[in-house]
Every structure is written in C-alpha cells, then in structure tokens.
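Data first, discussion second: the structure below is written as structure tokens.
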Amino acid sequence: MEELWDSLEKYDNEKFAKLFAQAEKEGKHLKYIATYENGKARTEIKAVEASHPFYNITGSDNIISFTTAHYRTQPLIVIGPGAGAAVTAAGVFADIIRIANF
C-alpha cells in the first residue's frame, strides 16, 4: 500500500509543480474552484490572474462568486474565513456521533 501512495505522490508533485511553475511564470495563482452551472457541478484547479476575485484568497479562507440574472456583469462576491482543518474534523466527528445514535 505504501508503494501506491509513493507513486501517487510522485505523480502529483510533478504534475502540480508544472502547473504551479506555468502559473507563476504568467503571474497567476492556482486555485481549486468549484462551479455550479445549469444544474451541473464540477471542480478544477485553475490558474487565475490578479484581476480575478479568487486571486488573493489564502489559507482556509472561502470565497463564493454568484453570477445571476441580477449580478451578470458584476458578480456578487462573499468572502470569509473557512472553518479550517480542526473545526471541520470536529464537525465531521459530531455528525458521525449523531448518526451513530439513531
């Protein structure tokens, strides 16, 4: 099993190192972005430029951009702190306990 993880880590490091280097060369930042459009959800790693609202988000901060009929030319942006790993883990643990007590 450890051999599998080692091979995946090597692949990921090479792939993401190339993505990171290309983004840096272009003055962009890599961001993990989830999109929901026309009833379909997707996630991707995308290189965004400095003018993109997601460019300066760091750490566990969250940002949501709403593009609607009313916010078509200028999306509504909501930015705030994310829960972070410890709070998220505590929430998942609480959910498991709650489910187990059914």
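Applying the criterion of at least 3 residues that are assigned by TED's automatic domain parsing to the domain that holds K15 and either surrounded by 10 or more Cβ atoms within 10 Å (Cβ to Cβ) or at pLDDT 90 or above (or both) to the strands (runs of 3 or more DSSP E) found wholly in segment 25-102 leaves 29-37, 40-48. Every condition in (1) in a helix (DSSP H, G or I); (2) of a type outside the set (F, W, Y); (3) in contact with an Asp or Glu (Cβ under 7 Å, 6 or more places away or on another chain) is met by E3 except one, and the failing one is (3).
Of all residues in segment 14-40, those that are more than 30 Å from A69 (Cβ to Cβ) have Cβ atoms under 9 Å from Cβ atoms of residues that are modelled with pLDDT of 90 or more and assigned to a loop (DSSP other than H, G, I, E, B), 6 or more apart or on another chain, in Q22/K28; E26/E49; G27/E49; G27/A50. Within segment 36-49, the set of residues being under 21 Å from F20 (Cβ atoms) and not basic (K, R) comprises T43, E44, I45, A47, V48, E49.
When you check F16 against the structure, is it touching a Leu at 6+ places or on another chain (Cβ under 9 Å) and either at pLDDT below 90 or polar (S, T, N, Q) (or both), yes or no? Judged against the criteria, F16 is a match.
The values are calculated or read from the model by the stated rules, or taken from the named source; none is laboratory data. In this text the structure is predicted, and so the values were computed from the model without any measurement. Because the Cβ atoms are built from the backbone with ideal geometry, glycine has one as well, and the counts that use them run over all protein chains shown.
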